[in-house]
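Structure record follows, encoded as structure tokens.
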Amino acid sequence: MILLDSVTKKYPGDSEPALDNISLHIEPNEFVFLVGKSGAGKSTLMKMITKEESPDSGKIIIGGIDLDYVKKRHIPGYRRRLGVVFQDFKLLPRRTVYENVAFALEIAGMSNKDIRRTVPKVLELVDLANQAKKFPHQLSGGQQQRVSIARSVARQPKILIADEPTANLDKLTTKEIIDLLKKINDFGTTILVTTHNEGIVNNLQKRVVTLKHGKIVDDQKTGGVYKLDEAPVPKRPARMVQTPGHALRPKRRVI
């Protein structure tokens with residue numbers, strides 16, 4: 001579903017590459033967290049997938065599409081095959097909740113009849129059916145992010161990319177958004193989420209890919225937890241030995 005093979009990207013003026021010969025394969029219907037400190041390469045990797053940037057070397061195949069062969073004029077059409085959720089929502093302020101979702105479908109070329117049938121179903125999915133006539137400024141941050149998610153999944157993309165989708169939300173709302181993404185994943189959509197939120201990663205225990213200095217340093221396929229650095233090797237305790245008539249005592253080391 002998502003394949004990066006030996007991908008390298010270096011920006012002009014930088015001494016080190018943003019991505020350094022990384023390879024990553026995400027299967028259909030996986031839920032994957034991408035974690036790493038600021039500057040680790042997460043945003044660049046996302047831009048590779050959405051074709052906002054192109055690699056200096058390596059191969060990228062998304063949903064069976066080799067991005068080497070996606071011409072500039074075809075990039076908008078390619079991006080419409082993906083669902084993308086941002087931390088700052090990017091809603092149209094002068095359009096209602098219903099109109100924000102409908103607009104994404106209009107751009108995709110969907111007929112008015114299909115739009116009228118699809119939008120209510122999507123708003124029901126994200127629990128905003130009763131907010132359809134409201135404008136973004138009348139909604140909470142969590143509700144605005146739900147609109148953003150609704151707009152992204154309305155075309156039923158096979159892949160949904162969420163870049164720090166809970167960065168501006170409180171703890172309870174964060175859980176609700178992650179639960180919604182999990183529900184979308186359960187319907188068969190491949191989910192890739194970048195986050196700095198240790199709690200949601202550890203609670204969900206899905207696949208966790210860790211980036212550091214442009215390299216993948218850890219890939220926990222299942223039961224993943226948030227860790228940016230390798231844990232220190234624990235010191236081995238002194239081995240206990242027993243001599244006749246004496247209690248257990250540490251074995252003396254010969255220096």
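Each reported figure results from applying straightforward, stated rules to the coordinates on display, with no laboratory input. None of the values given here were measured: they were computed from a predicted structure. Counting neighbours? That spans all protein chains shown, and the Cβs are built from the backbone with ideal geometry, glycine included.
What you get for segment 71-209, charging only the Cβ of Lys and Arg (+1) and of Asp and Glu (-1), is a dipole of about 760 debye around the Cα centre.
Projecting label points 7 angstrom from Cα along Cα→Cβ for Lys133 and Ile61 puts them 5.1 nm apart.
Computed from Cα atoms, the angle from the helix 171-186 axis to the main principal axis of the chain rounds to 80 degrees. Structure note, pairs Lys47/Lys72; Lys134/Lys171; Lys72/Lys183: Cα-Cα distances above 22 angstrom occur for Lys134/Lys171; Lys72/Lys183.
Which angle from 0 to 90°, rounded to the nearest 10, does the C-alpha axis of helix 112-125 make with the longest principal axis of the chain? The helix 112-125 is inclined about 30 degrees to the chain. Among the listed pairs Lys175/Lys215; Lys51/Lys215; Lys59/Lys90, a Cα-Cα separation exceeding 23 Å is found for Lys175/Lys215; Lys59/Lys90. Spin-label model, Arg73/Glu52: points 7 Å from Cα along the beta carbon direction are separated by 2.5 nm. With 29 Å as the limit, the listed pairs Lys121/Lys221; Lys10/Lys227; Lys71/Lys133; Lys71/Lys227 have Lys121/Lys221; Lys71/Lys133; Lys71/Lys227 beyond it between alpha carbons.
Under the convention that each Lys and Arg Cβ holds +1 and each Asp and Glu Cβ holds -1, the size of the dipole of the chain around its Cα centre is about 460 debye.
Taking every DSSP bridge with both residues inside the chain, close to 55 percent are antiparallel.
Against the main long axis of the alpha-carbon atoms of the chain, helix 141-153 sits at an angle near 70°. Give the residues of segment 111-144 whose amide nitrogen is closer than 17 Å to a point set 7 Å from the Cα of Lys90 in the direction of its Cβ. Only 144 fall inside the zone, counting backbone N under 17 Å.
Measuring nothing but alpha carbons in segment 79-184 and taking Rh as the Kirkwood radius, the Rg to Rh ratio lands at 0.93. Only one item in [x] 7, 27, 30, 18, 7, 5, 4, 2, 1, 0; [y] 7, 28, 32, 22, 9, 2, 0; [z] 7, 31, 37, 19, 4, 1, 0 matches P(r) over Cα pairs in 10 Å bins from 0, in percent derived from the coordinates shown, and that item is [x]. In segment 165-208, taking the dipole from charged Cβ atoms about the Cα centre, the farthest positive-side position among Asn185, Thr174, Ile200 is held by Asn185. Comparing Val70, Val85, Val153 in a Gaussian network model of the chain where C-alpha atoms under 10 Å apart are linked, the largest mean-square fluctuation is found at Val70. Counted residue by residue at 0.36 nm each, then reduced by the alpha carbon distance between them, the extension gain from Lys215 to Phe187 reaches 7.0 nm. Here the Gaussian network model covers the chain, with springs between Cα atoms less than 10 Å apart; of Asn168, Asn112, Asn100, Asn112 fluctuates the most. The overall shape of segment 1-101, judged from the alpha-carbon gyration tensor, is prolate: a/c is not under 1.5, and a/b is greater than b/c. For segment 1-58, the set of trypsin sites (Lys or Arg not before Pro) satisfying both a DSSP loop assignment and a count of at most 15 other C-beta atoms within 10 Å is given as Lys37.
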